[in-house]
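Since the structure comes first, as C-alpha cells, the remarks are kept for the end.
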Amino acid sequence: MQTRQKNSEDPGSGAQGGELGFARHGTMVPEFDSAIFSQKIGDTKIVKTQFGYHIIQVEERQTAHNQPLSEVKPAIEATLVRQKETQAEAAYAQASPTEATKNGLAKTAAAHHLELINTPSLNAHSVIAGLPDGTQVISKAFTLKPNGDPAFAPTGEGFAILQGTGTTPAHAPTFADYKDHIATDYADEKLPALLAEKTKELADKAKASGDLNKAAKEVGATVKTSDLVGDSGQVPDFGQVGSVAPDLFNLSVGAISGPSNAQRTGVVAKILDKQEPTADEIAKNLDATREQVLDQRREEAFGIFVTAAEDRYKKAKLILINAKNAKAPQPGL
C-alpha cells in the first residue's frame, strides 16, 4: 500500500513512499480493511473512513499459511507467560477475600502491601477516584451485605477486594450534606495541575543539584525505595511501572527521571540499580519483541499518514467537515 515517494507528504511513511507494509486481516478500520483485502493487485482506490480519505494501492498479497514452529515459538511462549500471569493474578484475587474474611481487610492489605481506602456512600453511577474502571466494583458492592464477607471485582488494570460497611436509602441531599462533596470536587479538579506543577519543580531541583533526597526535602516530598522491578512489576503508590513510566527502563544507573503522573501521585525517580537481561533472555524474546515493535511502528505510521492526508485534503478543499455535527454527542451502546 503506497503512494509515490515524490508526492508523499506523510512524515511517518513518506520516506518509504507511503509504504505501510503487510497488514493482518482485521487490524485496520473496517473500510480500510475491506479495501486492501478485496481490491485487485495494482488497483488504486480512494476509501473514506472515520479518519478521512485514503488513497490505497495494493502491491502484494500473501495467502495465509502455517508458519514453522521456530518462527512462532517466541510468540507462543510470550502468550503462555501472559496467560499464566493472568491466571495467577485471578487466583490471587479470588483467594484474597477468604484471607480478608479471616483476618480483616486492614491486616490483609498490610500483609500484601496494598492500599486500604474507605469511600463515601456510592450510587450506581458514582466514580471511584483512582480506579481506571470502577463499574464492576460498584456493581459488586450493591450485591454485598453490610459488614458481610469481602469480595473481589476487576478494576480495569487489576482487582479490588471490597466489603460493604452500610447502606444509605436514596434521598435528595441537603446543602449541608453535600458541601463537602463540592469542596472535594473542586479540589479534585485542581489537583492534577497542582500535582504536575509540584512534580516538575521536584524534577527540576533534583536534576539541577543531582540530589533527589535534598530536592524532595525542599519541596516536602516523601522519598521511597523500591525493589528491582520489571516492566510488569507493581510499585505501591505508583502502579505498573511499564504502563506509568516506561521510559525509566531507558535510564542509566544514577540518572534522575522527569516528572511522571501516577493517578493521584506525582513521581520523580532515581535509578539506583539496573539488572540487564542475559544474552539467553534477549535471544529468547527477540522475535516477539521485534514483532511488537513493528506492530507499534505500523500503527504510529498509519496514524500519522491519516492525519497528514486529512490535513492535505482540507487545505485543497477536497473535503469539508461540519464542525457542529463533528462535535455532536454520539449514542452509546
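The values are calculated or read from the model by the stated rules, or taken from the named source; none is laboratory data. These numbers come from a predicted model, not from an experiment. Counting neighbours? That spans all protein chains shown, and the Cβs are built from the backbone with ideal geometry, glycine included. Ligands, DNA and RNA are excluded from the accessible area calculation, which covers all protein heavy atoms including side chains. Shrake-Rupley method; radii C 1.70, N 1.55, O 1.52, S 1.80 Å.
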Practice prompt. Tell me, yes or no, whether the stretch 67-75 has at least one residue that is at pLDDT below 75 and farther than 20 Å from Gly303 by Cβ.
Written response: yes
Worksheet item: Taking the stretch 57-115 on its own, how many of its residues are open to solvent by less than 60 Å² (accessible area, probe 1.4 Å), of a type in the set (Val, Ile, Thr) and not in a loop (DSSP other than H, G, I, E, B)?
Response: 3
Discussion item. Given the condition at pLDDT below 80, of a type outside the set (Lys, Arg), open to solvent by 70 Å² or more (accessible area, probe 1.4 Å) and under 30 Å from Ala109 (Cα atoms), answer yes or no: does some residue in the stretch 278-301 qualify?
Written reply: no
Item to complete: Within the stretch 174-211, track down each residue that is in a helix (DSSP H, G or I), open to solvent by less than 70 Å² (accessible area, probe 1.4 Å) and either touching a residue at least 60 places away in the same chain (Cβ under 8 Å) or under 22 Å from Gly254 (Cα atoms) (or both).
Response: Leu191, Leu195, Ala196, Thr199, Glu201, Leu202, Ala203, Ala206, Ser209
Fill in: Yes/no for Lys214 being open to solvent by 70 Å² or more (accessible area, probe 1.4 Å), in a helix (DSSP H, G or I) and farther than 23 Å from Thr289 by Cβ
yes
Worksheet item: Would a scan of the stretch 27-44 turn up a residue that is at pLDDT below 80 and open to solvent by 70 Å² or more (accessible area, probe 1.4 Å)?
Response: yes
Worksheet item: Do you know which of the residues in the stretch 249-265 that are open to solvent by less than 30 Å² (accessible area, probe 1.4 Å) and at pLDDT 85 or above is nearest to His112 (Cα to Cα)?
Response: Ser260
Worksheet item: What pairs come up if the first residue lies in the stretch 218-230 and is over 12 Å from Lys270 (Cβ atoms), the second is among the acidic types (Asp, Glu) and not in a loop (DSSP other than H, G, I, E, B), and their beta carbons are under 6 Å apart, counting only those six or more places apart or on different chains?
Response: Val219/Glu201
Practice prompt. Note down all Cβ pairs under 6 Å where the first residue falls in the stretch 21-45 and is more than 16 Å from Glu299 (Cα to Cα), the second is surrounded by 11 or more Cβ atoms within 10 Å (Cβ to Cβ) and among the basic types (Lys, Arg), and they're at least six residues apart or on different chains.
Written response: Ala35/Lys45; Gln39/Lys45
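Within the stretch 139-162, how many residues are closer than 23 Å to Pro192 by Cβ, open to solvent by less than 80 Å² (accessible area, probe 1.4 Å) and outside any strand (DSSP E or B)? Working first, answer last.
Filtering the stretch 139-162 for residues closer than 23 Å to Pro192 by Cβ gives 155-158, 160.
Okay, now just the ones that are also open to solvent by less than 80 Å² (accessible area, probe 1.4 Å), so 155-156, 158, 160.
Right, trim to outside any strand (DSSP E or B) and you get 155-156, 158.
Count: 3.
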Discussion item. Pull out all pairs, ordered by first then second residue, where Cβ-Cβ is under 6 Å, the residues are six or more apart or on different chains, the first lies in the stretch 232-252 and is over 14 Å from Val268 (Cα atoms), and the second is exposed (fewer than 12 other Cβ atoms within 10 Å of the Cβ) and at pLDDT below 80.
Written reply: Gly242/Asp231
